Every structure is written in C-alpha cells, then in structure tokens.
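Shown next, in structure tokens, is the structure this report addresses.
The values are calculated or read from the model by the stated rules, or taken from the named source; none is laboratory data. This one's a predicted model, so the numbers in the text were calculated from it and none came from an experiment. Positions of Cβ are backbone-derived with ideal geometry, glycine not excepted, and every protein chain shown enters the neighbour counts. Surface accessibility is based on the protein's heavy atoms, side chains included, excluding ligands, DNA and RNA. Shrake-Rupley method; radii C 1.70, N 1.55, O 1.52, S 1.80 Å.
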Amino acid sequence: SRRHSDSAMALNWPGLFAWSTKYHDGTAPSKFTKMSDEDRKFLEQAMEEAFGKVEDPNKVFMEAIAQIKSEDRTNESMATALEVMDRLCDDPDVARNVEKLDGLQALLDMVVSVEGSVRIRGLEILALLFSNNPNIQEAGIKRGAMGIFLKLTREAEKASDERSKAFRALIALVRSLVAHETTLLRSEGGVALLAALLDPAEDPRTREKAANFITSMACNGETLKKEDVNKFAVVVAPLLVSAGEQNVQYREVMASCALELARLARTSCPPALAEAAEARLAAAKASAEKEEGDNGQEEDALQECLAVLSREEEVAEASAETSTEAAALPVEAEGIVEERAASVQQALAVPYLAKA
C-alpha cells in the first residue's frame, strides 16, 4: 500500500494504523464504522510515542493530508489521519499553514465524499482550523466552504450529531467576519436556518451554538437588522422558559442572547420575550440550590434584559412590529413565529420551577 511504503515519513504510519487491522483481513470490505474507546486509547498511545520523534509538525500535517487524498484510502486511514490533524491543530504554525499545505481543499472534498463518523470528525477538524483564524476563514470562503456546510446542515437529520457538527463548522467559518455573516443571513437563508435550529426539537448543543452565534452578531452591532431581532426573539422566548431543563452554560447563553437582542432593538422584541424572561427569572430564584458553576450570570442577564425591555416604549408598537415582520419570514421558517409564540403562552400557563 502507498500509505505504508515511504520510509522517509516523519511519522510511523504503519504503527498508527495497527489499531484498525481487526476490522478487515484483506478479503472482505472493512467492518469499521466508528472508532471505539479502545481503538482511540490504542491510537493515542501510538501517537504519543510517534510524536516524541517529530521535528517538523508541518511535515506531519502534509503526511496526514496525503493520507486523506490517497487513492487507496480507507475509512480507517482517514480516521487515523484526522486524529493526527487534531493533535496538530494546537500548533499555531500548522493552523496558519493549512491552506499553503493544500489541507483545506482535501478536508472539504473529504467531508463531501464520505459519510458517518469520518465526515463528522472532518467537520470537527475544519471547525478547529477556522476558529478565530481570519486568513484561513477567508481561504475557506473562496473554496466554497459556506455552501458545503449549509448543504450538510440542511440535509442532516434533525438533532443529529452530523447536523450539529456541520453547523459548528459553518459558524467557525464566518464568525466575526461581518461581510460573510451578512452574506449568510441575506443571501443564503441564514435567518431562517438559525430560527429552525432553535427549534425545541433540536439537539440542545445545536440550539446553544445558534443562540451563541446570534449573540455574537448582536454584539458587533453591524450584522443584524431590526427584523432579524424580532424573528430571533420570538424563537428564543420559549427556550428561556424551558432553560431550567438544561445545564448552566446553556441557560447562561440563552439569557445572554435575550439580553443582547433586547439591547440591539428592544422595540422589535415581542412582549413574549419579556414574559419568558420574567418566568425564567422567577423559576431560577425559586430553585432550592445552585448548581456547581452557577455564579448568577443567568439571573443577572435576565434582570438586565427585563430592565432594557421595560424602558418607556409603547407595547403596541412592539406588537405591531411582531405581526408585520413575522409576515416577511422566508418560506423555510413559515409558521415558526406563530408556533413559538403559542408555545410560550402555553408554557407560561404552567408554574415552572428550575431543576436543582
């Protein structure tokens, strides 16, 4: 095999591939679907030994890219290469050079052409490489990464790990680059997609990522319009009411999202947001004991949100904007506003106490 032939390799790849031999005997298709904890432990130990002899991380990264591009690649060889890449992503030099090394295109091609656990791991690596890395984000945009991640997010099953990881990669690609955030929202149906990903039926991690991204855009003061604030506030409201079912970080993210939306355009926020914030705040205060890590950030954000929303503004104006702007929702988000508004009212009708 080409993967095993080069004695000048920086890493001992045959040694790294040893974990995968149990999945095939060379006479039948591989039975590999996902790396087990046992497999991962074996590979981590092998990498620990192999990386002790590495002098040039960039050369190792090039070798990992070659494994992914190889004509005789297998799911096992790609999974191994991705674990090596994950270990190398912490090196700032490697992260900066991934485009020069032709790593971006190789990874993007891979997540399009393969499925299952290898695709999911590839999306995780891409998210790591794009994160807070503007030059690589721009390179990814030029290589069509936005379209790839949007397609994977939309086509993946609701609440699936693949949907969550594709969306994570999408956010990492555009975050803090206002021009590309704007393209996502205005030209690629991003507002409707974010509203859909805040559906209570979605994975909580995906909802949290969506709310966090909306918060980030609200804070930059450039990306979101008033009509966006209305649409997002409507879908965030019921998530505030039910937030007690989730962990501390999730609750803090949802409260912060509500606060930043209110700060950005309080007259665009429907009355349901204030009602939901008030209900969640009461439930949080009624909780018998605080969870570990709960430093009161959620309650502070909810109180500030209510203070912002209660400033002298006509309630009628907010209600009118809710009705008018909701009518302008893209087809993908039709009905979301009405459904979420109804769910808030239903939730508020039942006394709710946060779980301790």
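Okay, residues lined up against (1) surrounded by 20 or more Cβ atoms within 10 Å (Cβ to Cβ); (2) at positive phi; (3) modelled with pLDDT under 95:
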position: Q105; (1), (2), (3): no, no, no
position: G144; (1), (2), (3): no, yes, no
position: F149; (1), (2), (3): yes, no, no
position: L152; (1), (2), (3): yes, no, no
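Give me the residue from the stretch 47-100 that is part of a loop (DSSP other than H, G, I, E, B) and of a type in the set (A, V, I, L, M) and, out of that set, modelled with the highest pLDDT.
Checked the stretch 47-100; the qualifying residue modelled with the highest pLDDT is V98.
Can you find a residue in the stretch 187-208 that is over 22 Å from S256 (Cα atoms) and not charged (D, E, K, R)?
Taking every residue of the stretch 187-208 in turn, at least one turns out to be over 22 Å from S256 (Cα atoms) and not charged (D, E, K, R).
From the list E312, E339, E321, which residue is at pLDDT below 95, out of contact with any Phe, Trp or Tyr (no Cβ under 7 Å at 6 or more places or on another chain), open to solvent by 30 Å² or more (accessible area, probe 1.4 Å) and outside any helix (DSSP H, G or I)?
E312
From the list R175, R143, which one is of a type in the set (K, R) and out of contact with any Phe, Trp or Tyr (no Cβ under 9 Å at 6 or more places or on another chain)?
R143
When the residues of the stretch 162-184 are filtered to those that are over 13 Å from the mean Cα position of the chain (by Cα), open to solvent by 10 Å² or more (accessible area, probe 1.4 Å) and touching a residue at least 24 places away in the same chain (Cβ under 8 Å), which remaining residue is nearest to A243 (Cα to Cα)?
Only one residue tops the list, namely S176.
Considering the stretch 223-247 alone, what residues qualify as being over 21 Å from the mean Cα position of the chain (by Cα) and surrounded by fewer than 22 Cβ atoms within 10 Å (Cβ to Cβ)?
Passing the criteria: K225, K226, E227, G244.
Given (1) open to solvent by less than 20 Å² (accessible area, probe 1.4 Å); (2) within 19 Å of A156 (Cβ to Cβ), where does D199 come up short, assuming only one miss?
(1)
Checking E292 against (1) open to solvent by less than 10 Å² (accessible area, probe 1.4 Å); (2) more than 23 Å from E202 (Cα to Cα), which single condition isn't satisfied?
Here E292 meets the rest and fails (1).
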